[in-house]
1. In peptide A:149-161, how many Cβ atoms from other protein chains are near each Cβ within 10 Å, on average?
2. Over chain A, calculate the relative contact order: mean separation of alpha carbon pairs under 8 Å at least 6 apart, over the residue count, as a percent.
3. By its C-alpha gyration tensor, with a ≥ b ≥ c as the square roots of the eigenvalues, how is the protein assembly as shown shaped: rounded for a/c under 1.5, else prolate for a/b larger than b/c, else oblate?
4. Quick check of the Kirkwood formula: for the stretch B:72-133, what is the inverse mean of 1/r over all pairs of different Cα atoms, in Å?
5. Using DSSP H assignments, which helices in chain A have an axial alpha-carbon span of 20 Å or above and a mean Kyte-Doolittle hydropathy of 0.0 or higher?
6. At 25 °C and a viscosity of 0.890 mPa s, what translational diffusion coefficient does Stokes-Einstein give for the stretch B:2-213, taking Rh as the Kirkwood radius over Cα pairs? Give it in µm²/s as a whole number.
7. So if I place +1 on the C-beta of Lys and Arg and -1 on the C-beta of Asp and Glu, and nothing else carries charge, what would the dipole magnitude of chain B be about its Cα centre? I want it in debye, nearest 20.
8. Amide H to amide H, which residues 5 or more places from A:Phe208 or on other chains are under 5 Å from it, using H placed in the peptide plane?
Number of protein chains: 2
Amino acid sequence: MRMLTRRLFLASAAMAGWLSSKAALTNTPGALPTARKSGGMGLLDALSERRSTRLYSDRTIDDDILSTLLWCAFGVNRPESGYRTAPSWRSSMETDIYVADAGGVRKFDPVTQSAKSVLAQDIRGKASPQPFIGTAPTVLVYVADRFRMYEASEEEQIQSAHVDAAIIAQNVYLYCASVGLGTCLVGGADKSGLAQILDLPESQIVTFVQPVGYPQAG
Amino acid sequence: MRMLTRRLFLASAAMAGWLSSKAALTNTPGALPTARKSGGMGLLDALSERRSTRLYSDRTIDDDILSTLLWCAFGVNRPESGYRTAPSWRSSMETDIYVADAGGVRKFDPVTQSAKSVLAQDIRGKASPQPFIGTAPTVLVYVADRFRMYEASEEEQIQSAHVDAAIIAQNVYLYCASVGLGTCLVGGADKSGLAQILDLPESQIVTFVQPVGYPQAG
């Protein structure tokens, strides 16, 4: 009996491993495949390759890559405390990442490593007056909830929100460099337009947008 | 004769390799050892290890590590264009890094990978009202030259200067995580005090300070 239990356990563990990403996709709404959290290109190589890219091919980003990208960006790297891959103003973790692509907009939840749909509309072309941004297959929109920084003055909230999002964006830059993706940090987003489209409450502001895609050959 | 020339060439090349870091130290004032620009810990491992450290041991940072740290921070990663490991507002590259330690203050020059002495005074204890900062063996001071962002409004200059320095600081965070160093990004620097000590012209502002050191055991 114990032997049978053990065999069943091993079989189910193997099955779980085999199905891991598919299973994750069905268990939690918007669940992403398991993010890769170890290995990767050498840090110094990734820094050597870091650059801004503004011309993207049509190739879309699959959910395995997206999941790791979002974990790199602002994922939980110390589950015991919930702390993240990027620092933030007094650990207020005020930045939320929205992922806009042809299918709509999803909001990244770092705790469950999921990205639930919040809008079934392609908003990429509206993210910024700069038209190249709409040509990327995926556009990250950084939103800061100033309510989570209530101890700060409004001026400090706004500056720190921009600082914290930019740190996250550098994680994205380095991950992109490490897997052959291109990206670019864009300050000139249509911040109020995006806030309206995303129906953000008054405490929340858009700080930056960051297009991501495979560089156009040539 | 040709054989002798070739032998002399090979001998001198070997000698140059053998002496490379020492030679660099004597040729340019303040020259740093050659920075490491490839390999290193896997990016995803470095992101897993990223955290803020506020307790440092007495162990100092040797110049080999410091040189690579400064290159990671804001070094030249594309010599053909002079572009860097971190993006900046319209590529204005307005941030200069000052390195403060027990011996004084040096200013990093990314083009020559050197750090010339600018002050023979230990200013670490004056960098911030937070006393832990003075306990780190090395404190980086980020200074933005707003003159290099002359097209921007003053408000935009100040915000972008903070954003750009924080991106550099995240490179430092990741390099520290990859070699067992601890660090922390400090917004509450004594900005005007430091500007006075460093005798900065009016166009230049201190944005952040970042202590770096080996974490205290325990």
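FYI, it's all coordinate maths here, none of it is from the lab. Note that the coordinates shown come from a computational prediction; the quantities given were computed from them, not determined experimentally. Please note: Cβ atoms are built from the backbone with ideal geometry, for glycine as well, and neighbour counts cover all protein chains shown.
1. That average works out to 1.
2. RCO, chain A: 25 percent.
3. Since a/c reaches 1.5 and a/b is larger than b/c, the shape of the protein assembly as shown is classed as prolate.
4. For the stretch B:72-133, the Kirkwood estimate is 13.2 Å.
5. A:2-27, A:154-179
6. Translational diffusion coefficient: 135 µm²/s.
7. It works out to roughly 960 debye.
8. Counting only residues 5 or more places away or on other chains, the set is A:Tyr142.
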